[in-house]
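Some notes on the structure that comes next.
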Amino acid sequence: MSSKNTNPKKTDPKKSDQNKNNQNKNSQNKNSQSKNAHKGPVNNAPKTPDTPDASDSKVIPTTVKTIAGQIVEVAPKEPSREEGEYREDNLEMRQLPLRKRMAIRKQRRQKEMEGMVRMQKVEYLLSYFKWPIIFITGGILILLLFWIAIKNSTKPVALSVAFINLPDSTAVTEEVFNDYNSYTSPDGIKTENIGGFKLDTAVHFDLETYAQQYYDDTSDYSLTQFPILCTSDFYDILITDRKGLEFCSASNMILDPELVISGYTAEALRAYQANAKDSEGVEYFWAYDITNTDFAKQLGYTEKVYLAFPGQSDSNKENAERFLIYLFKLAE
């Protein structure tokens with residue numbers, strides 16, 4: 001007859017404690033799951049450096065590169081009023097007086113340039129003030145060009161001449177006035193001390209072909225700009241052949257020489273007077289015949305050459321009479 005073993009099993013104390021801990025953990029997990037069931041799904045995704053915890057209140061510094069190449073570690077923060085660091089677009093900054101704003105900007109520049117070497121500071125300042133420098137430099141250049149244009153337009157000239165119907169307009173340059181440039185007038189004025197020369201050699205006129213010339217090109221310089229310059233005292237004298245003289249006299253583009261030349265010079269040149277028809281077809285004294293002068297012989301005209309007067313200002317009269325005295329050697 002068999003007998004039952006009534007002795008209890010011996011248990012390991014360490015295993016018993018471990019079982020109790022596991023039971024406690026299981027009960028805690030069940031309680032946690034029951035609580036989370038009311039809150040919704042739990043995001044168990046692992047955290048990465050790119051997705052910091054929103055609850056982390058620590059500000060992560062960002063590394064930026066300044067204009068001058070200086071590496072600076074900047075922690076994003078709202079500028080404090082005590083330090084005077086207002087944002088440029090802040091209403092309070094805009095309401096500050098100009099002197100205060102400039103002082104604040106100066107403090108910012110000095111703070112950013114701390115630790116920079118001289119070359120880095122120069123690069124930084126040039127970049128910081130780039131647009132003001134561009135605008136100021138551009139304004140100075142515009143004013144300079146404007147001043148040069150005014151000076152050239154009002155600069156005294158020894159003689160302003162328009163040549164009409166030149167056989168070769170490219171052959172006449174300032175070199176034809178070399179001898180006159182060293183001329184000293186009876187009143188002791190040397191031509192080269194007065195100024196330079198203004199020459200216009202691109203004018204062509206002929207009464208017989210005028211209508212066709214206008215039909216071919218209504219914007220032709222001879223028909224548009226030249227007449228305006230004549231009536232605005234731009235030219236001291238006109239030098240032309242017979243066809244050009246007849247056109248200018250009939251178009252009232254030249255003046256009565258007696259309005260320009262008078263006294264001894266006019267009397268001495270009476271023998272060189274040349275007539276042409278005016279706008280009403282009446283013969284009148286309009287120019288001087290300079291065909292036989294040394295100056296006219298180098299111009300290339302194959303017919304007679306005449307000198308007329310489009311301008312009547314004081315400087316026009318002085319320049320024209322001085323040239324006539326030289327041309328006909330009246331002072332010798």
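The values are calculated or read from the model by the stated rules, or taken from the named source; none is laboratory data. Keep in mind that this is a model prediction, so the values were computed, not measured. Every residue, glycine as well, gets a Cβ built from its backbone with ideal geometry; the counts of neighbours run over all protein chains shown. Note: areas computed on protein heavy atoms with side chains; ligands, DNA, RNA excluded. Shrake-Rupley method; radii C 1.70, N 1.55, O 1.52, S 1.80 Å.
For Leu159, the residues whose modelled amide H falls within less than 5 Å of its own, excluding neighbours fewer than 5 places apart on the same chain, are Lys198. Quick one: check the C-alpha center-to-center distance for region 156-193 versus region 258-328, whole angstrom. Using only Cα atoms to place each centre, the spacing works out to 15 Å.
Using a cut-off of under 13 Å, list every residue of region 292-313 whose amide N is near the label point 7 Å from the Cα of Ala331 along the Cα-to-beta-carbon line. Nothing falls inside the zone, counting backbone N under 13 Å. At a threshold of 8 angstrom on Cα-Cα distance, excluding pairs fewer than six apart, so keeping six or more, what relative contact order does region 105-194 reach in percent? Relative contact order here is 17 percent. For the residues Leu126, Leu238, a 1.4 Å probe over the protein chains yields an accessible-area ranking, largest first, of Leu126, Leu238.
Remark: the Asn193-Leu126 segment gains 19.6 nm on full extension, using 0.36 nm per residue and subtracting the alpha carbon distance.
Taken one residue at a time, the phi angles of region 166-171 give Karplus couplings (6.51, -1.76, 1.60, θ = phi - 60°) of 5, x, 9, 5, 7, 7 Hz. Gly and Pro are set to x.
Only protein heavy atoms count here; under a 1.4 Å probe, Leu98 has an accessible surface of about 100 Å². Put simply, when 111-124, 162-175 are sorted by average Cβ atoms within 10 angstrom per residue, most first, you get 162-175, 111-124. Each of Leu324, Leu330 has its accessible area taken with a 1.4 Å probe; listed largest first, they run Leu330, Leu324. Of the whole protein surface, Trp147 contributes about 140 Å² of accessible area at a 1.4 Å probe radius.
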